[in-house]
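Novice: Here you go, one structure.
The values are calculated or read from the model by the stated rules, or taken from the named source; none is laboratory data. Everything numeric here is computed off the predicted structure, so don't read it as measured data. When we count neighbours, we look across all protein chains shown, and the Cβ atoms used for this are built from the backbone with ideal geometry, even at glycine. Protein only, heavy atoms only, side chains kept; ligands, DNA and RNA dropped before computing areas. Shrake-Rupley method; radii C 1.70, N 1.55, O 1.52, S 1.80 Å.
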Amino acid sequence: MRGFLIFSGLVFFLWLGRSIIIPLMVAAFLWYLINAVAAYYRKVMPPYYCEVHSRNWLCIFSNWLAIVLSILTLGGIIYVFVTQIQPMFTELMYALPQIQDKIADMGEYISDEIGIAFDMSLVPNISEIASKLGTAAAGFATSIGLVLIYILFMFVEQSTFNKKFAHLVTNKTQSKKMRYILDSIDDNMKKYLFMKTMISAATGIMSYLWLRTIGLEFPGVWAFIIFMMNYIPTIGSIIACAMPILFAMTVSTTLHLPILTAAGLIGLQILFGNILEPKLTGKTLNLSTLAILINLVFWGMIWGVAGMFFSVPLLVATFIITAQFDSTRWIAVLLSADGNIPDKKED
């Protein structure tokens, strides 16, 4: 009973404090991503033997240069989005009422020609959905300043994290165990975020090239949606493919364009999501598909779309932590895909 009350209180706290916690999660995500990209830059920059917290001046310069290069890399991606894709989003917003009318016409055609009853009340109002998404985006834009402040202080203080941790946990045995857990979470999280971002970016770029080749309108918009939705497991990929396919059905008078759109996008999702990603991530994620879906729904209920984006990293952290204690290892076993869980750090 006590455990249930603690869990309920924690869930209520997470829901109540979402306006503060979500920007912090976004900042932590970007901070992790920048550090993950910087780690790969360090591998190709001399001196190659430097540790992240080394006090050698050449190592310090190399580490900060890697961080600057990773920030510039992400900044370049954002610049491309703002200058190239954002105008397409604006055009798409203006075209939404026409798309809604074409969906209604398609429903009438199905009812008249094929004889299948089609209830238009079941079709969502695209303009209303877009308006809600725009409102959500505007709300997120207002928190960008807070996100940037979080990121700035994370970079300023990341060199002191080890020293703070040493003073926080003075018992050597507990300190080693906690350090092992934190290092495992840090290592797995960086690997996951970096590889997921690279896979999502490759899927988005290839989707853009395919959609542009077959002549579907707004290829940049669909590619960006595919890139973002790929962070949401399973459901995200389905939605990312369904949107451009549905759009192709509304703007095309034949089935040629929708079939090409579906074949290309689904093929790319299978290639990158089901073949390349498992090989590149290796054992970073040894998680049950059912556990991922339940976790997705749980965080979606608490934090909405933002919770869906962060559901897998949070599950990875839970998986690693529960594997390190005898009383919770059964949870890690249930969360795992095949029953194999991380080795327990002995006390």
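Novice: Which members of the range 215-233 meet the condition of being under 12 Å from the mean Cα position of the chain (by Cα) and either without any contact (Cβ under 8 Å) to a residue 60 or more places away in the chain or surrounded by fewer than 16 Cβ atoms within 10 Å (Cβ to Cβ) (or both)?
Specialist: First, the residues of the range 215-233 that are under 12 Å from the mean Cα position of the chain (by Cα): 225-233.
Selection gives Ile225, Ile226, Phe227, Met228, Met229, Asn230.
Novice: Within the range 202-216, is even one residue among the charged types (D, E, K, R), out of contact with any Ser or Thr (no Cβ under 7 Å at 6 or more places or on another chain) and closer than 16 Å to Phe29 by Cα?
Specialist: No, there is no match, as no residue in the range 202-216 is among the charged types (D, E, K, R), out of contact with any Ser or Thr (no Cβ under 7 Å at 6 or more places or on another chain) and closer than 16 Å to Phe29 by Cα.
Matching residues to (1) without any contact (Cβ under 8 Å) to a residue 60 or more places away in the chain; (2) more than 26 Å from Lys177 (Cβ to Cβ); (3) open to solvent by less than 20 Å² (accessible area, probe 1.4 Å):
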position: Gly236; (1), (2), (3): no, yes, yes
position: Thr254; (1), (2), (3): yes, yes, no
position: Ile266; (1), (2), (3): yes, yes, no
position: Asn274; (1), (2), (3): yes, yes, no
position: Pro278; (1), (2), (3): yes, yes, no
position: Leu287; (1), (2), (3): yes, no, yes
position: Leu315; (1), (2), (3): yes, no, yes
position: Ile321; (1), (2), (3): no, no, no
position: Leu334; (1), (2), (3): yes, no, no
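Novice: Also: Looking only at residues that are closer than 19 Å to Leu193 by Cβ and not charged (D, E, K, R) in the range 38-62, which one is modelled with the lowest pLDDT?
Specialist: If we filter the range 38-62 for residues that are closer than 19 Å to Leu193 by Cβ, which is where we start, we get 38-43, 52.
Those left that are additionally not charged (D, E, K, R): 38-41, 52.
On the way: Ala38: 83, Ala39: 79, Tyr40: 78, Tyr41: 81, Val52: 55.
Within the range 38-62, the match that is modelled with the lowest pLDDT is Val52.
Novice: Let me ask something additional. Please return the ranges of helices (runs of 4 or more DSSP H) entirely within the range 90-196 where 3 or more residues are modelled with pLDDT of 70 or more and within 30 Å of Val68 (Cβ to Cβ). Reasoning before the result, please.
Specialist: On the way: elements: 126-142, 144-157, 161-168.
Passing ranges, in order: 144-157, 161-168.
Novice: Further, regarding this structure: Whether any residue in the range 189-199 is under 21 Å from Thr318 (Cβ atoms) and open to solvent by 70 Å² or more (accessible area, probe 1.4 Å) is what I want to check. Break it down into steps so the answer makes sense when it comes.
Specialist: Let us first name the residues in the range 189-199 that are under 21 Å from Thr318 (Cβ atoms), namely 189-196.
Right, trim to open to solvent by 70 Å² or more (accessible area, probe 1.4 Å) and you get 191.
Yes: the range 189-199 contains one or more residues that are under 21 Å from Thr318 (Cβ atoms) and open to solvent by 70 Å² or more (accessible area, probe 1.4 Å).
Novice: Given the residues Met243, Met308, Met301, which is the only one that is farther than 24 Å from Arg18 by Cα and open to solvent by 20 Å² or more (accessible area, probe 1.4 Å)? So that I can check it myself, show each step before the final result.
Specialist: Numbers: Met308 fails: farther than 24 Å from Arg18 by Cα; Met301 fails: farther than 24 Å from Arg18 by Cα.
Exactly one of Met243, Met308, Met301 is farther than 24 Å from Arg18 by Cα and open to solvent by 20 Å² or more (accessible area, probe 1.4 Å), namely Met243.
Novice: May I pose another question? Any idea how many residues of the range 230-255 are in contact with a Pro (Cβ under 7 Å, 6 or more places away or on another chain), more than 15 Å from Leu268 (Cα to Cα) and part of a helix (DSSP H, G or I)? Quick ask: steps written out before the conclusion?
Specialist: Applying the first criterion (in contact with a Pro (Cβ under 7 Å, 6 or more places away or on another chain)) to the range 230-255 yields 245, 248-249, 252.
With more than 15 Å from Leu268 (Cα to Cα) added as a condition, the list becomes 248-249, 252.
Retained after the next criterion (residues that are part of a helix (DSSP H, G or I)): 248-249.
Here the count works out to 2.
Novice: Right, here's the next one. Among the residues of the range 155-180 satisfying the criterion of being open to solvent by 80 Å² or more (accessible area, probe 1.4 Å) and more than 32 Å from the chain's Cα centre (by Cα), which is nearest to Ile321 (Cα to Cα)?
Specialist: So, considering only residues that are open to solvent by 80 Å² or more (accessible area, probe 1.4 Å) and more than 32 Å from the chain's Cα centre (by Cα), the one nearest to Ile321 (Cα to Cα) is Gln174.
Novice: Okay, next question. Which one of Leu260, Leu296, Leu271 is within 19 Å of Leu314 (Cα to Cα), in a helix (DSSP H, G or I) and at pLDDT 85 or above?
Specialist: Unique residue meeting the criteria: Leu296.
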